[in-house]
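Structure first, then comments.
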Amino acid sequence: MVCTRGRISPGKNSDEQSKFRPLYMDVQATTPLDPRVLDSMLPYLICYYGNPHSRTHAYGWESETAMEQARRQVASLIGADPREIIFTSGATESNNLAIKGVARFYKSRKKHIITTQTEHKCVLDSCRSLEAEGFRVTYLPVKRNGLIDLKELENAFQPDTSLVSIMTVNNEIGVKQPVCDIGQICRSHKVFFHTDAAQAIGKVPVDVNDMKIDLMSISGHKIYGPKGVGAIYVRRRPRVRLEPLQSGGGQERGMRSGTVPTPLAVGLGAACEVAQQEMEYDHKRISLLANQLVTKIMKEIPDVVMNGDPEHRYPGCINLSFAYVEGESLLMALKDVALSSGSACTSASLEPSYVLRAIGTDEDLAHSSIRFGIGRFTTEEEVDYTVQKCIQHVKRLREMSPLWEMVQDGIDLKSIKWTQH
């Protein structure tokens, strides 16, 4: 099967002529592999297949050299020392290792952790599992714009707080937390600061020293690298100690046992290097396309709300709520564009997104939200097509909606007392 942009061309033996695929506008979920990253990985998939931890022959040495070069590339992107980079299977493992690892290492003296209500599920679930072990967790609320209140953070510290975990860029609404201020506050309280930067690395400038970050989670497939690889930054001075999650051969400075997959590590390193070179250009271009998308949609459709702070945000993640339209219906109508809903209607649950609930979005608006992801390979034509289809289907779905008709007649929906029959 030959893969081409926008369609799958089956092999010669296939009876199908050509099967078109939707446009891809879901880069917060995953990104395509940058061809330059694939080029760097191929030799280590075919020729240089040695175990990087084999010290007795050239196969091991050449793999180890490549692995250490990748470590330097990751470190360079975030202003770290290469020795502070530990390879993992992705941001989920990095988040688990940072939160559980630090909490368990310091548990004899410190039993309190601070996080926010809008973190990624793996952070929230790691905190819940620690609560079951006897730790106390403070889940900070966020303001209506999705940002935390720094005064509330200040007030949340307790004498036995060991860790603060707050993400840099939110994966659902794209808001960018004041990481520099958070780092400064944590340092003044002598508490470690962990940030899940999966959605920020390679997209916005990050420097672990300037921002006073002690632990940071990184994902390969969010920055046009391969899936199944990530990294965790663990500060050496002041030293952060953590208890490993898995036992084994003691690779990665004893923090993460298991053979490092050289081709994947090389891919992550290459993705970080490309991101460092292209970050400024990508940011300008993505900002332009994002602005185009939001302006055109809001010009043509009334009652559209952008979720999250309009200023402190990463422009490539746009979460819009279309009042009086069910998000699931709109997603199904936009079947030729790969998007995701801000609400959990794409899963078995009909509950709206917990992130949108945390910022105080009304339940009906939370159910009507769609997340648009714009990335390095998104074209202007794709944005225009998405806008055109979105306008067309929102108007059509609203015409079918009795709620929209009532609003047009001047009825305040909140004043109606609905009854069940």
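The values are calculated or read from the model by the stated rules, or taken from the named source; none is laboratory data. Remember, predicted model here, so these are calculated numbers, not experimental data. Positions of Cβ are generated from backbone atoms using ideal geometry, with glycine treated the same way; all protein chains shown enter the neighbour counts. Heavy atoms of the whole protein, side chains included, go into the accessibility calculation; ligands, DNA and RNA do not. Shrake-Rupley method; radii C 1.70, N 1.55, O 1.52, S 1.80 Å.
Per-structure values
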item	result
Computed accessible area, Thr56, all protein chains, 1.4 angstrom probe, square angstrom	120
Highest-MSF residue in the chain out of Asn319, Asn291, Asn96 [GNM, Cα springs under 10 Å]	Asn291
Kirkwood Rh (inverse of mean 1/r, distinct Cα pairs), segment 369-421, angstrom	14.1
Estimated translational D of segment 229-268 in µm²/s (Stokes, Kirkwood radius over Cα pairs; 37 °C; 0.692 mPa s)	288
Listed residue (Gly249, Cys390, Ser40) projecting farthest to the positive dipole end of the chain, Cβ model	Gly249
Accessible solvent surface per residue of segment 60-109, calculated while the other protein chains remain in place, 1.4 angstrom probe, Å²	36
Theoretical gain in end-to-end length, His53 to Ser287 [0.36 nm per residue, Cα-Cα removed]	80.0 nm
Relative contact order, percent, segment 35-275 [alpha-carbon distance under 8 Å, six or more residues apart]	29
Crossing angle, helix 380-399 versus the chain [Cα axis fit, 0-90 degrees, rounded to tens]	40
Cβ-derived FRET efficiency at R0 45 Å, Tyr139 paired with Asp207, nearest 0.05	0.95
With DNA, RNA and ligands ignored, accessible area of Cys47 (1.4 Å probe; Å², nearest 10)	70
Most mobile listed residue (Met306, Met400, Met298) in the chain, GNM with C-alpha springs under 10 Å	Met400
Hydrodynamic radius of segment 35-275 per Kirkwood, over alpha carbon pairs, in Å	18.1
Protection-proxy order for peptides 325-335, 280-290, each taking the mean of Cβ atoms within 10 Å per residue, highest first	325-335, 280-290
All-pairs alpha carbon distance profile, segment 169-300, 10 Å steps from 0, percent	11, 33, 35, 16, 5, 1
Zone of Leu150's modelled label, taken as backbone nitrogen in segment 172-203 under 14 Å from a point 7 Å along Cα→Cβ	177-189
Compactness of segment 267-412 - radius of gyration and Dmax, Cα, Å	16.5, 58
Highest-MSF residue in the chain out of Phe192, Phe105, Phe87 [GNM, Cα springs under 10 Å]	Phe105
Spherically averaged projected area of the chain from its Cα convex hull (nm²)	24.9
Gain upon complete extension [Gln117, Glu68; 0.36 nm per residue less C-alpha separation]	14.0 nm
Carbon plus sulfur fraction of accessible area for the chain, probe 1.4 Å, in percent	53
Column: log10 I(q)/I(0), Debye, Cα scatterers of segment 134-228, q = 0.12, 0.20 Å⁻¹	-0.39, -1.02
Folded to 0 to 90 degrees: helix 262-300 orientation relative to the chain principal axis, Cα	20
Full-stretch length increase - Asp336, Ser129 - with 0.36 nm per residue and alpha-carbon distance subtracted	70.6 nm
Area projected by the alpha carbon convex hull of segment 39-111, averaged over all directions, nm²	7.0
Nearest-10 value in Å² for the accessible area of Leu124, using the 1.4 Å probe	10
Local electrostatic count at Leu140 - Lys and Arg +1, Asp and Glu -1, tallied over other residues with Cβ under 9 Å	-2
Angle between the chain longest axis and helix 121-132 axis [Cα atoms, degrees, rounded to 10]	70
